[in-house]
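Below: the structure, in structure tokens.
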Amino acid sequence: MDSKNGNLIELRGVTKVYHRDRIEVPVLQGIDLAIREGEFVALMGPSGSGKSTLLNLIGGIDTPTSGEVRVAGESLGTLKSSRLASWRARHIGFIFQLYNLIPVLTAYQNVELPLLLTRLSSADRKKRVTFALGLVGLEGREKHFPRQLSGGEEQRVAIARAIVADPTLLVADEPTGDLDAKNAAEILLLLQRLNRELQKTILMVTHDPHAAERAQRTLHLDKGVLQP
């Protein structure tokens with residue numbers, strides 16, 4: 001976190017341009033943004049407005065064309081790819097619309113996966129995985145494979161995997177987009193709990209106004225520009 005002002009995330013004059021053949025495709029234009037530690041923020045906007053690109057910049061998956069992206073005290077554009085990968089593993093938990101679980105691994109093994117990159121002992125890994133699965137309400141489902149779980153349960157496994165390494169920031173890209181209303185409501189309640197009880201900072205992209213209502217603040221992006 002930037003200790004001077006309490007902001008976990010700061011973007012200044014951020015642009016992102018992709019190149020298709022010789023054509024420049026501007027996706028983000030002059031983004032200025034500050035998110036404080038412990039905030040739950042929703043990001044809304046029509047398809048193609050640049051929401052996922054903005055999420056990828058903040059999560060350290062992509063780099064800006066110009067401007068500065070500072071997250072957890074690091075200016076991400078200045079980090080070499082190996083350093084960026086270790087920074088991401090330490091600070092960012094990703095939650096995706098389509099879960100991205102590995103089908104041949106059990107729920108327990110899927111959640112444990114990020115910890116295999118750390119120096120934690122097997123006993124410490126077990127404690128963390130058990131705690132994360134308990135937090136998302138999946139005690140007793142550790143040995144189930146993704147195909148044996150409902151969509152809502154799969155997303156809970158994905159959230160447990162995102163939080164197991166105790167990241168600084170959770171970034172969620174349409175986390176309820178593939179769920180029915182009941183499961184979506186339960187997942188949003190779980191995100192609210194992670195924000196309130198564990199003080200997790202959450203940035204969530206969503207098309208759903210009902211989902212956005214669960215956040216403390218909503219940002220609107222249109223054609224690559226953050227709306228005032």
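The values are calculated or read from the model by the stated rules, or taken from the named source; none is laboratory data. This is a predicted model, so every value here is computed, not measured. Note that we place each Cβ from the backbone using ideal geometry, even for glycine, and neighbour counts take in every protein chain shown.
Note on segment 112-145: residues that are in a helix (DSSP H, G or I) and within 18 Å of Glu186 (Cβ to Cβ) total 4.
From the list Ala132, Ala107, which residue is over 15 Å from Gly93 (Cα atoms), buried (at least 19 other Cβ atoms within 10 Å of the Cβ), among the aliphatic types (A, V, I, L, M) and within 20 Å of the chain's Cα centre (by Cα)?
Details: Ala132 fails: over 15 Å from Gly93 (Cα atoms).
Of the residues listed, the single one that is over 15 Å from Gly93 (Cα atoms), buried (at least 19 other Cβ atoms within 10 Å of the Cβ), among the aliphatic types (A, V, I, L, M) and within 20 Å of the chain's Cα centre (by Cα) is Ala107.
Yes/no matrix, rows are residues, columns are (1) among the charged types (D, E, K, R); (2) closer than 21 Å to Asn195 by Cα; (3) modelled with pLDDT under 90; (4) under 16 Å from the mean Cα position of the chain (by Cα):
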| residue | (1), (2), (3), (4) |
| --- | --- |
| Lys4 | yes, no, yes, no |
| Pro26 | no, no, no, no |
| Gln29 | no, no, no, no |
| Ile35 | no, yes, no, yes |
| Ala89 | no, yes, yes, yes |
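Here the condition is being in a strand (DSSP E or B), out of contact with any Phe, Trp or Tyr (no Cβ under 7 Å at 6 or more places or on another chain), exposed (fewer than 13 other Cβ atoms within 10 Å of the Cβ) and touching a residue at least 40 places away in the same chain (Cβ under 8 Å); of Gly30, Gly13, it holds for Gly13 alone.
Considered as a group, the residues in segment 139-156 that are touching a residue at least 12 places away in the same chain (Cβ under 8 Å) and farther than 14 Å from Val104 by Cα include one that is surrounded by the fewest Cβ atoms within 10 Å (Cβ to Cβ), and that residue is Ser150.
Residue by residue, here is whether (1) more than 19 Å from Phe40 (Cα to Cα); (2) not small (Gly, Ala, Ser) holds:
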{"position": "His144", "(1), (2)": "yes, yes"}
{"position": "Gln155", "(1), (2)": "no, yes"}
{"position": "Ala162", "(1), (2)": "no, no"}
{"position": "Lys182", "(1), (2)": "yes, yes"}
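Would you be able to say whether some residue in segment 193-207 is over 16 Å from the mean Cα position of the chain (by Cα) and either assigned to a helix (DSSP H, G or I) or closer than 23 Å to Gly59 by Cα (or both)? Yes, there is a match, as at least one residue in segment 193-207 is over 16 Å from the mean Cα position of the chain (by Cα) and either assigned to a helix (DSSP H, G or I) or closer than 23 Å to Gly59 by Cα (or both). Looking only at segment 157-186, which residues are of a type outside the set (Gly, Ala, Ser), surrounded by 24 or more Cβ atoms within 10 Å (Cβ to Cβ) and part of a helix (DSSP H, G or I)? Residues satisfying the conditions are Val157, Ile159, Arg161. Any residue that is within 20 Å of Lys182 (Cβ to Cβ), at pLDDT below 95 and among the hydroxyl-bearing types (Ser, Thr, Tyr) - is there at least one of those in segment 138-150? Among the residues of segment 138-150, at least one is within 20 Å of Lys182 (Cβ to Cβ), at pLDDT below 95 and among the hydroxyl-bearing types (Ser, Thr, Tyr), which makes the answer yes.
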